[in-house]
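*Asks:* After the structure tokens below, expect a handful of questions from me.
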Amino acid sequence: QVQLEESGGGLVQPGGSLRLSCVVSGLNLDWNSIAWFRQVPGKEREGVACSSPEHGVTYWTASVKGRFTVPRDNNANTVFLQMDSLNPEDTAVYYCTNARVGPRLCPGDGDSAYFDSWGQGTQVTVSS
């Protein structure tokens with residue numbers, strides 16, 4: 001059984017940074033891709049970025065390129081979302097999830113249908 005637990009969210013001023021963590025149980029990150037999604041009220045979940053063992057990081061949301069990175073520590077079964085230069089438009093609940101098809105790479109194009117398990121998310125609020 002795959003479980004994912006997001007943490008690290010909080011309130012930050014514009015221009016600040018946060019580092020989110022996704023601790024994964026039930027699978028080996030050496031063999032699996034992990035994606036970050038975000039969601040605001042009234043909108044569908046948006047695919048932000050994805051880390052795969054085979055190809056590294058894919059950025060689905062253009063506005064985060066150059067500001068967000070997705071490091072991972074496979075031995076600790078943890079994937080991170082390092083967020084720098086945050087702006088209010090980044091405010092959302094952030095989720096991590098695992099690919100259920102072709103897990104060695106990131107499937108689809110930020111389509112949540114290609115991903116399997118979801119945690120409760122962690123709230124990121126960017127406000128002055």
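*Asks:* Name the pairs: first residue in the range 115-128 and in contact (Cβ under 8 Å) with a residue 24 or more places away in the chain, second residue of a type in the set (Ser, Thr, Tyr) and outside any strand (DSSP E or B), Cβ to Cβ under 7 Å, at least 6 apart or on different chains?
*Replies:* Val124/Thr91; Thr125/Thr91; Val126/Thr91
*Asks:* At least 1 residues that are open to solvent by 20 Å² or more (accessible area, probe 1.4 Å) and under 20 Å from Pro14 (Cα atoms) in each: list the strands (runs of 3 or more DSSP E) lying fully within the range 55-128 that qualify.
*Replies:* Counting at least 1 such residues, we get 78-83, 92-99, 122-126.
*Asks:* Out of curiosity, is Ser112 more than 24 Å from Val126 (Cα to Cα), out of contact with any Pro (no Cβ under 8 Å at 6 or more places or on another chain) and modelled with pLDDT of 95 or more?
*Replies:* When the stated conditions are applied, Ser112 does not pass them.
*Asks:* Looking at the range 45-54, which of the residues that are touching a residue at least 40 places away in the same chain (Cβ under 8 Å) and not β-branched (Val, Ile, Thr) is surrounded by the most Cβ atoms within 10 Å (Cβ to Cβ)?
*Replies:* Cys50
*Asks:* Also, I was wondering about something else. I need a count of the residues in the range 95-114 that are touching a Cys at 6+ places or on another chain (Cβ under 9 Å) and closer than 19 Å to Ser7 by Cβ.
*Replies:* 3
The values are calculated or read from the model by the stated rules, or taken from the named source; none is laboratory data. Note that the structure is a prediction, hence the values are computed from the model and not measured. Reconstructed Cβ throughout: ideal geometry from the backbone, glycine too, with neighbour counts over all protein chains shown. To get the accessible areas, we keep the full protein, side chains included, count just its heavy atoms, and leave off ligands, DNA and RNA. Shrake-Rupley method; radii C 1.70, N 1.55, O 1.52, S 1.80 Å.
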